[in-house]
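Peer 1: Take a look at the following structure, please.
The values are calculated or read from the model by the stated rules, or taken from the named source; none is laboratory data. The model shown is predicted, which means the values in this text are computed figures rather than measured ones. Quick reminder, even Gly has a Cβ in these numbers, built from the backbone with ideal geometry, and neighbours come from all protein chains shown. Accessible surface areas use protein heavy atoms only, side chains included; no ligands, DNA or RNA. Shrake-Rupley method; radii C 1.70, N 1.55, O 1.52, S 1.80 Å.
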Amino acid sequence: MIPRALIFDVDGTLAETEELHRQAFNETFAAELLPWVWDRAAYRRLLDVAGGKERIAHFLASQPEGAERAAGRIAELHAAKTQRYTALAAVGAPLRPGVARLIMEARQAGVRLAIATTTSLPNVEALLGSAFGPDAMALFDIVGAGDVVPAKKPAPDIYCYVLGRLGLPAGACVAFEDSTNGVRAARGAGLATVVTPGIYTEGDDFTGALAVLSDLGEPDAPYRHLAGAGASDTMVTLETLRRWMTAA
Ligand code: XBP
Ligand code: MG
């Protein structure tokens, strides 16, 4: 049976957006005259903490001289960062290979679509709007984003929330993720999970993934198979997902 719903993570999965997030964080710190710059190496470590507010709080805890200056301003800093990020994302972050193709195939086949992300809802709207136009959000039956659940990834909360709103069992759906936190969250909700590692998550631990692939593949640009199902396929389609889930 083909999946009844595809549930997509956003950052790193739909598009390589974390460099835009990092730019928005750094521009906000600079505008607020805070002496912090998150370089790529630091940001890769900070991405272990899902959620921008939680990430700032985690960083502050390691900056004794800065903690008291900004601790009470995390929500304000994050709101300013989100404003900067949405402007960057609205200009456009290209969707990763195969994402638009699979979303359109699902729509045409009547397979439901959902989003399960740690990022803030305005960020999702800006990214999807730039990718699919003004009616982008209508493509998705359910959008679970940010603070809509108490615990962020790797907790399964956001995936449980989306499954509950879809009214579907986990076994009838597939999740698409890019990170260890994401795989753990999706697997914690009982979902088969296809992983396409991003620039910040290559080589991370994807234990429990149904398949680990360089991307979702295009007819003229096959994916590179990294682990799990799909070694003899070239792109993710509803048919390959049906076969992989049946064989799992
Ligand atoms: C990735 C995250 C988010 C973004 C930043 O979300 O962990 O925190 O890095 O966005 P996902 P916010 O991979 O689940 O899409 O600052 O809005 O949290
Ligand atoms: Mg992600």
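Peer 1: Restricted to the stretch 133-150, and to residues that are touching a residue at least 12 places away in the same chain (Cβ under 8 Å) and within 29 Å of residue 234 (Cβ to Cβ), which residue is nearest to the chain's Cα centre (by Cα)?
Peer 2: Ranking the candidates gives 140 first.
Peer 1: On to the next question. Inspect all residues belonging to the stretch 197-209 and state whether any of them is open to solvent by less than 20 Å² (accessible area, probe 1.4 Å) and either touching a Cys at 6+ places or on another chain (Cβ under 8 Å) or more than 21 Å from residue 43 (Cα to Cα) (or both).
Peer 2: Scanning the stretch 197-209 turns up no residue that is open to solvent by less than 20 Å² (accessible area, probe 1.4 Å) and either touching a Cys at 6+ places or on another chain (Cβ under 8 Å) or more than 21 Å from residue 43 (Cα to Cα) (or both).
Peer 1: Still on this model: Say we look at the stretch 10-44 and pick out the residues that are open to solvent by 10 Å² or more (accessible area, probe 1.4 Å) and near ligand 1 (Cβ under 9 Å from one of its atoms); which of these is farthest from the chain's Cα centre (by Cα)?
Peer 2: Applying the filter and picking the extreme gives 22.
Peer 1: A further question on this structure: Given the criteria within 10 Å of ligand 1 (Cβ to nearest atom), surrounded by 18 or more Cβ atoms within 10 Å (Cβ to Cβ) and at pLDDT 95 or above, does residue 145 qualify?
Peer 2: yes
Peer 1: In this structure, does residue 106 turn out to be within 15 Å of the chain's Cα centre (by Cα), open to solvent by less than 30 Å² (accessible area, probe 1.4 Å) and either within 16 Å of ligand 2 (Cβ to nearest atom) or closer than 23 Å to residue 178 by Cα (or both)?
Peer 2: no
Peer 1: Tell me, which strands (runs of 3 or more DSSP E) lie completely within the stretch 142-212 with 3 or more residues that are closer than 18 Å to residue 51 by Cα?
Peer 2: Output list reads 142-145.
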